[in-house]
C-alpha cells in the first residue's frame, strides 16, 4: 500500500496542468480521488490503481496538448484574445496563467487591459489596478472609480494613480458617495488634461455650489456627459454634444445664473436629456434666455410624482432658445405643469421655430384646459406621438384639431403623422366617431393627417379596417394610412 501511495503522490505532484486542461468535471473528480488516497481502505486500492492508469495516460498526452497551444503564432493568439475578450469577463488574467507564451502574448496585447476598476474602498485591489494600468500602455482606457459613503484613507493614492493615467483615458466614470473622498480624488484632476476623453459619467455627492472645475488642461474630444445626483465637478463643456442630467439632489441643484452660465458653455450641444429638477426653485426672475445653436433633441422627464406641479418645463422653456430644435420629448407631466403657457405660449414659435416632432407621455389628472396652450406654443408640429394612458389628452386633441381659423386649422396645421400607443379607451364607438370627425375635417380643410399609427389591439377594437362605419365621412379611410405600431422591444 505504501508503494501505491508513493506512486500516486509522485504523479500528482509531477503534473502541472493549466486551468483549461483541468476545468472539466471529470478531471476535477479524478484529482479528488487521488488526493483522498491516504484515507482510503485497502479494498479500494484496485480502483485507485485504475484511476492512476487513467491519469498516467492523460499525463502522457499533456505535452502534446501543450505543444499544440504553444505552436500558435503570436499574431493568431493575440487576434483570438482580442475577439474573445469582453470588458467584464476577467479572462485576461486567466489567459496570462496558461503558459509562458500565453502570458507574454496577453501582456503584450494592451487592449485586454483597458477596462480599469479603481475600488477606493479596497486597498487590496490597488496593485491589481496598477498592473492593469501598466499593461494597458498607451491604449485608450476606460476607468471607473467607485467608493462608498465612508471616507477612505486611500483616496490620495488612488487620486495620484488616476492623475498619472488620465492622459490616455477614453471613458471616465465616477460613483463616489463620500464628499471628502470625492474632493481629494478629483482635486488631482483640476489642472490635468485628458486629450482622449470622450465620455464623462459622474455620480457624486452633493455639497459643492457652484461646481468645481476639473480637467482644466483640456478635453478636446469630450462628447458625452452624464451628471447623476450632483453637478459638483465639471470638466470643460464646449465640445460636449450630448448631456444627460439625472436626478440632481435638492441640496445640489443649480442656481439660476449658474444654470445660464452652464448652458452658455455648450455651443455644440445636440442632445439634452433631463430627468428630474435641475435648478433651485423658485427660479422665476427676469433674465435673458440662452441660445443653444446646435440643439436638435430635448427630452424632459418629471421624476417627483408627489409635487403638485413641476417647474422643470417652465424653467427650460424660459431659459433656452433653440433655433434648430427638432424633437421635444416630455414625460410624466400633468396639466398643471403646462399652465404657465397660458401667458407665454406665443414665445414658442420664435424660441423653437424648427420643432416638428413631439413625444408625449403625460398623466391624466382631469384638468384638460392647458393642452390647447401647449399646442399653440409649438404650432409647427408635424409628428405627434402619445404614449401611455393619456385618454383625456387624446380626446381633447381630437376635439381641437377640427377647429378652424377661417379655412385653416387653428391647431397644428402642419400635423401629418399621429401616433397613439395604448389608448385604453372605454367606448370604442365614441372613439371611432371622434376619429372619423377629426380626420375628415382635416381633409376638408386641405390639411389631412396622412398616417395614423395605433397598436394592434386598438386597431382590432376600432372598425377602421372595414366599411362598417355608419358615418357620412367614412371616406377618410381612403386618404389616411393606418399603421400598426411595432413595439421597440421587438427590434
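If you consider only alpha-carbon coordinates, what radius of gyration and Dmax does region 212-271 have, in Å?
11.3, 31
Sort 346, 203, 154 by Cβ crowding within 10 Å, fewest neighbours at the top.
Ascending number of Cβ neighbours within 10 Å: 346, 203, 154.
Taking 8 Å as the Cα distance limit and 6 or more residues as the minimum spacing, I'd like the relative contact order of region 148-209 as a percentage.
Here the relative contact order equals 44 percent.
When a/c reaches 1.5 or more, the comparison of a/b and b/c decides; with that in mind, is region 114-252 rounded, prolate or oblate per its Cα gyration tensor?
Oblate shape, in that a/c is at least 1.5 and b/c is the bigger or equal ratio.
Checking the a/c ratio against 1.5 first, then a/b against b/c, what shape does the Cα gyration tensor give for region 300-414?
Because a/c hits 1.5 or more and a/b fails to exceed b/c, region 300-414 counts as oblate.
Can you sort 370, 163 from fewest to most other Cβ atoms within 10 Å of each residue's own Cβ?
163, 370
Most exposed first by the Cβ proxy, i.e. fewest other Cβ within 10 Å, how do 164, 321 rank?
164, 321
Using the per-residue mean of other Cβ atoms lying within 10 Å as a proxy for protection, in what order, highest first, do the peptides 214-225, 119-130 fall?
214-225, 119-130
Only the coordinates and a few stated rules stand behind these numbers; no lab work does. Computed from a predicted model, the values in this text were never measured in an experiment. Quick reminder, even Gly has a Cβ in these numbers, built from the backbone with ideal geometry, and neighbours come from all protein chains shown.
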